[in-house]
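Asker: Got a structure here, written out as structure tokens. Questions coming.
The values are calculated or read from the model by the stated rules, or taken from the named source; none is laboratory data. Quick caveat, the model's predicted, so the values are computed rather than measured. Here the Cβ positions follow ideal geometry from the backbone for every residue, glycine too, while neighbour counts run over all protein chains shown.
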Amino acid sequence: MRTDHFIRFERVDSVERTERGLRARLHGEQLRVEAVRPDVVRLQLSRGGVFDEKPTYAVCVDPFAADGGASVDWTAEESDGSWTLTTDELVVTLWLDPFRVDVHRTDGSVVVESAPDAEGRYWTYATLNDAWTTRRRIGRDDAIYGLGEKGGRHNRRGRDFTMWNTDVLNEHATAEFRAGLDADDPRADMTSTEFDPYYVTIPFFHQRSAETGTAVGSFVDNGYRGEYEFSRDDEYRITFHGGQWTEYVFAGPSMASIIERYTWLTGRASLPPIWALGYHHCRWHAYKQEDIEVIAKRYRDDEFPCDAIWLDIDYMDGYRVFTWDSERYPDPAGMLKGLANQGFRAITIVDPGVKHDPGYEVYDDGLEKGVFCRTEGGDTYVGQVWPGNTVFPDFVTPEARSWWGDLNARHVESGLAGIWNDMNEPATGEIAPEAMLFDKGRAKHERYHNQYALLMAMGTIEGLRAAQPDARTFILSRAGFAGIQRYAANWMGDNQARWDHLWVSMPMACGFGLSGQPFVGADIGGFQGDTNPELFLRWMQMGALTPFCRNHSETNNVDQYPWSFGEEIHDLVRDVVRLRYRLMPYIYSAFVRATETGEPVQRPLVLDFQDDPEVVDIDDQYLFGRDLLVAPVTEAGMTSRSVYLPAGGWYDWHTGEFHEGGQRITVDTPRERIPLFARAGAAIPMWAEAPASTDDHHPEVVELHVFDPAADGRWESVLVEDDGLTVAEGAPERLTTTVVVSRAGDDVQVEHTTDGPGYAAHARTRFDVVRHSA
Ligand code: GLC
């Protein structure tokens, strides 16, 4: 982004104290500098002199409400040439001439600092027409993490990113962006792991200082097209092509605390039903009802655990949403009942595009109610998606969201357990989306484009909650914006059946996780192109240890069922899916924690070992929950790989061998397994056996696998048990067990205490403690 022509904000005219901090006047605009919490400040600049008080739907609390959890003491002081706003943890300095805003911790360490340009001039903010830019200093070796779903390495430093929800396989949608890139720029090749932009926009990142290991965070609450430039040596730039500058700056210093604050603002994931944590079977294919029944039976006959079967676009009548193709599916309710009897849940795809088809009930009704997006001239906007000419609900209006919610509520009455939202960037095919206006034609496309999927999920969830008020909801979304975690899980869209795409799903998942979205997964096996036995095996071995575990592939590819590649592969992938099911109490507890703290389930090592410079760039291994370290096989023919074990002690899951942390080791990767380690001191709760599905599985016993610490200390693990299905707002019927493992000299103690009112019918009656010792 060239900013040569931008107009810099040079001088502050006046500053005054307000109830929440400072207000300054400059260049005809107003600037707010406000203390949200002792470690969070909000910087906001008006446009045209007025503030947009709800720039997006990302923030779901009133950051300043007395009961919102934020109470903050601050003082403001004027001195020569500047004002300062001070909380217990932060000092914000507003320089008057030239204008700039710097934030430091009270110990003087930098949170954000303006950067001088080549002529030594400082500037913090500049505009050109509707675009604005802010720029800051960054240490040469500082790392950047987050920005949600982005390609390439997990440390985003050294690259530039565009924030514009994009159907990555649609050439028309991406042509403009690609035209602006050099021919050899990897971001231009849609199959490259660095392709950008992607489906989801989350304008939030962490910056880790190479010097101190401390982190700071930034969230820009703006849904317009944006650019984050991290490719420069000593500064970074953030540009948005519309809207106002509203930025929350987080002092850290731990990444975990930044995520906690960020998800306080934008919401935490709602607790998924336990079945959503099982293995999911999906494939884009023109199945008939009996094919689905055969697949389901096969899973059960093979004793291959599976919780959900998905129906892609071909279940519909001519791609008309909320219909069934009655030839292929003569009795959907009967089929769903049959599946339910075998412990399967079913999920169907629901795209936002409604077929432009007078006579089709959903189209006629939407037209009559005026809930479709319009163009400037007042026409209904028409794009090109699966059904051909397609119109789009105007999810910005509450009427359209409720209308959509009702349609979903009716749709799931047939017995569906969840909804899969695709093409919600929104993907409009060969027709550019910009002519699509929102809010009854009052709002430009650009304002809401990136929020379309978030708004769609809001409408969908309204319907799901109305249909089944006691049940936890499940929505899977392709696109999203900051806050999407409140309503939906995300999968990483149309990846390729290639080894580098297997690899990139790790940094991508970790980017999501560090940006508040814990419920993520890639299409296991690869979506586009034919997978092969080895890739499928290795992908299943990794995918079984990721938050959302779904096998999915494109129509016309080779079959990629567990049984498609012979008995050996079948048995090996079943082993690892069984391991996932045995780990269900552990995985479930990790999700409970995510819903309470924002902490991710799949996490890069740098989150838990932030001080260790060795882990800054590690993105070919990750932690699954707090206590399992996974190091997947990422290349064909790999027979061993290097694994970095961070501080502490680690037990090889497969051999039981103990390793001191803080070293790299080489681990064999025979076909049966990928490297997996348990943290010394952890107590990992497991089911003794893998069930066919989570449905009605309430074993009497939970095993507690205790991995003895090799050094003195105290470790805590938490197991949460409840019915896994219902919402129990307010008074959760649940058991919370805290296991404390401690070591002093040769003495290792394991104690556990269980708290809570229990939960109806099915509570476990005892633990079996299984000890693993060095
Ligand atoms: C999109 C989705 C993919 C789905 C296909 C057909 O490409 O990303 O998952 O299978 O559409 O609905």
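Asker: Tell me, which strands (runs of 3 or more DSSP E) lie completely within the range 643-725 with 1 or more residues that are more than 19 Å from PHE767 (Cα to Cα) and within 27 Å of the chain's Cα centre (by Cα)?
Answerer: It comes to 676-679.
Asker: Right, another one. Given the residues ASP130, ASP141, ASP97, ASP107, which is the only one that is within 30 Å of PRO507 (Cβ to Cβ), surrounded by fewer than 17 Cβ atoms within 10 Å (Cβ to Cβ), among the charged types (D, E, K, R) and in the same structural domain as GLY81 (by TED's automatic domain parsing)?
Answerer: Just a single option satisfies the conditions, and that option is ASP141.
Asker: Just one of (1) touching a helix residue (DSSP H, G or I) at 6+ places or on another chain (Cβ under 8 Å); (2) touching a residue at least 24 places away in the same chain (Cβ under 8 Å) trips up LEU579, so point out which.
Answerer: (1)
Asker: Now for a different question. Considering the range 669-684 alone, what residues qualify as being of a type in the set (Phe, Trp, Tyr) and surrounded by fewer than 20 Cβ atoms within 10 Å (Cβ to Cβ)?
Answerer: Answer for the range 669-684, where residues must be of a type in the set (Phe, Trp, Tyr) and surrounded by fewer than 20 Cβ atoms within 10 Å (Cβ to Cβ): there is none.
Asker: Restricting attention to strands (runs of 3 or more DSSP E) lying wholly within the range 157-258, give those where 1 or more residues are of a type in the set (D, E, K, R) and either closer than 21 Å to LEU455 by Cα or without any contact (Cβ under 8 Å) to a residue 24 or more places away in the chain (or both).
Answerer: Answer list for the range 157-258: none.
Asker: Of all the residues that make up the range 546-561, how many are among the acidic types (Asp, Glu) and touching a strand residue (DSSP E or B) at 6+ places or on another chain (Cβ under 8 Å)?
Answerer: Number satisfying all stated conditions: 1.
Yes or no, residue by residue, for (1) surrounded by fewer than 24 Cβ atoms within 10 Å (Cβ to Cβ); (2) away from the ligand (no atom under 16 Å from the Cβ); (3) assigned by TED's automatic domain parsing to the domain that holds ILE144:
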| residue | (1), (2), (3) |
| --- | --- |
| VAL216 | no, yes, yes |
| HIS241 | yes, yes, yes |
| ALA251 | no, yes, yes |
| ARG261 | yes, yes, yes |
| ARG300 | yes, yes, no |
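Asker: Please determine, by comparing only the residues of the range 525-552 that are more than 16 Å from the ligand (Cβ to nearest atom) and among the polar types (S, T, N, Q), which one is surrounded by the fewest Cβ atoms within 10 Å (Cβ to Cβ).
Answerer: The extreme case among them is ASN532.
Asker: Can you tell which of ARG320, ARG401 is closer than 13 Å to THR460 by Cα and of a type in the set (Lys, Arg)?
Answerer: ARG401
Asker: When the range 421-447 is examined, which residues are found to be part of a helix (DSSP H, G or I) and either free of Cβ contacts under 8 Å to residues at least 24 places away in the same chain or among the small types (Gly, Ala, Ser) (or both)?
Answerer: Answer for the range 421-447, where residues must be part of a helix (DSSP H, G or I) and either free of Cβ contacts under 8 Å to residues at least 24 places away in the same chain or among the small types (Gly, Ala, Ser) (or both): GLU434, ALA435, HIS445.
Asker: Which numbered condition in (1) within 19 Å of the chain's Cα centre (by Cα); (2) within 16 Å of the ligand (Cβ to nearest atom); (3) in contact (Cβ under 8 Å) with a residue 60 or more places away in the chain is the only one that THR555 fails?
Answerer: Only one criterion is unmet by THR555, namely (1).
Asker: Continuing with this model, one more query. Restricting to the range 30-80, name every residue that is part of a loop (DSSP other than H, G, I, E, B) and of a type in the set (Lys, Arg).
Answerer: Correct list: LYS54 only.
Asker: Only one of these is hydrophobic (A, V, I, L, M, F, W, C), within 13 Å of the ligand (Cβ to nearest atom) and outside the structural domain of ILE674 (by TED's automatic domain parsing): ALA522, ALA509, ALA489. Name it.
Answerer: Going through ALA522, ALA509, ALA489 in turn, the sole match is ALA522.
Here's the yes/no breakdown for (1) at pLDDT below 95; (2) buried (at least 16 other Cβ atoms within 10 Å of the Cβ):
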position: MET686; (1), (2): no, yes
position: PRO691; (1), (2): no, yes
position: ASP695; (1), (2): no, yes
position: VAL706; (1), (2): no, yes
position: THR726; (1), (2): yes, yes
position: GLU729; (1), (2): yes, no
position: GLU733; (1), (2): yes, no
position: VAL741; (1), (2): no, yes
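Asker: Now a separate question. For ILE461, all conditions in the list (1) in contact with a strand residue (DSSP E or B) (Cβ under 7 Å, 6 or more places away or on another chain); (2) in contact (Cβ under 8 Å) with a residue 60 or more places away in the chain; (3) more than 30 Å from ARG578 (Cα to Cα) hold save one; what is the number of the exception?
Answerer: With (1) in contact with a strand residue (DSSP E or B) (Cβ under 7 Å, 6 or more places away or on another chain); (2) in contact (Cβ under 8 Å) with a residue 60 or more places away in the chain; (3) more than 30 Å from ARG578 (Cα to Cα) applied to ILE461, the lone miss is (2).
Asker: What number of residues within the range 111-146 satisfy the criterion of being within 26 Å of SER46 (Cβ to Cβ) and part of a loop (DSSP other than H, G, I, E, B)?
Answerer: Final tally of qualifying residues: 9.
Asker: Identify, from the list TRP74, TRP95, TRP83, the residue that is of a type in the set (Phe, Trp, Tyr), out of contact with any Leu (no Cβ under 9 Å at 6 or more places or on another chain) and touching a residue at least 12 places away in the same chain (Cβ under 8 Å).
Answerer: None of the other options fit; the residue is TRP95.
Asker: Can you tell which of GLY480, GLY511, GLY493 is more than 18 Å from TRP404 (Cβ to Cβ), crowded, with 24+ Cβ neighbours inside 10 Å and of a type outside the set (Val, Ile, Thr)?
Answerer: Result of the check over GLY480, GLY511, GLY493: GLY511.
Asker: Out of THR639, THR655, I need the residue that is in contact (Cβ under 8 Å) with a residue 12 or more places away in the chain and among the polar types (S, T, N, Q). Which one?
Answerer: That would be THR639, the only listed residue that is in contact (Cβ under 8 Å) with a residue 12 or more places away in the chain and among the polar types (S, T, N, Q).
Let's see how each residue does on (1) closer than 24 Å to GLN610 by Cα; (2) among the hydrophobic types (A, V, I, L, M, F, W, C); (3) out of contact with any Gly (no Cβ under 9 Å at 6 or more places or on another chain):
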site: ASP107; (1), (2), (3): yes, no, yes
site: TYR122; (1), (2), (3): no, no, yes
site: LEU128; (1), (2), (3): no, yes, yes
site: THR133; (1), (2), (3): no, no, yes
site: ILE138; (1), (2), (3): yes, yes, yes
site: TYR145; (1), (2), (3): yes, no, no
site: LEU169; (1), (2), (3): no, yes, no
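Asker: For ALA173, state whether it is modelled with pLDDT under 95, more than 23 Å from GLN610 (Cβ to Cβ), in contact with a Ser or Thr (Cβ under 6 Å, 6 or more places away or on another chain) and surrounded by 18 or more Cβ atoms within 10 Å (Cβ to Cβ).
Answerer: For ALA173, the condition - modelled with pLDDT under 95, more than 23 Å from GLN610 (Cβ to Cβ), in contact with a Ser or Thr (Cβ under 6 Å, 6 or more places away or on another chain) and surrounded by 18 or more Cβ atoms within 10 Å (Cβ to Cβ) - is met.
Asker: Counting residues that are charged (D, E, K, R) and within 21 Å of VAL396 (Cβ to Cβ), which helices (runs of 4 or more DSSP H) fully inside the range 448-556 reach at least 2?
Answerer: Hits in the range 448-556: 452-467.
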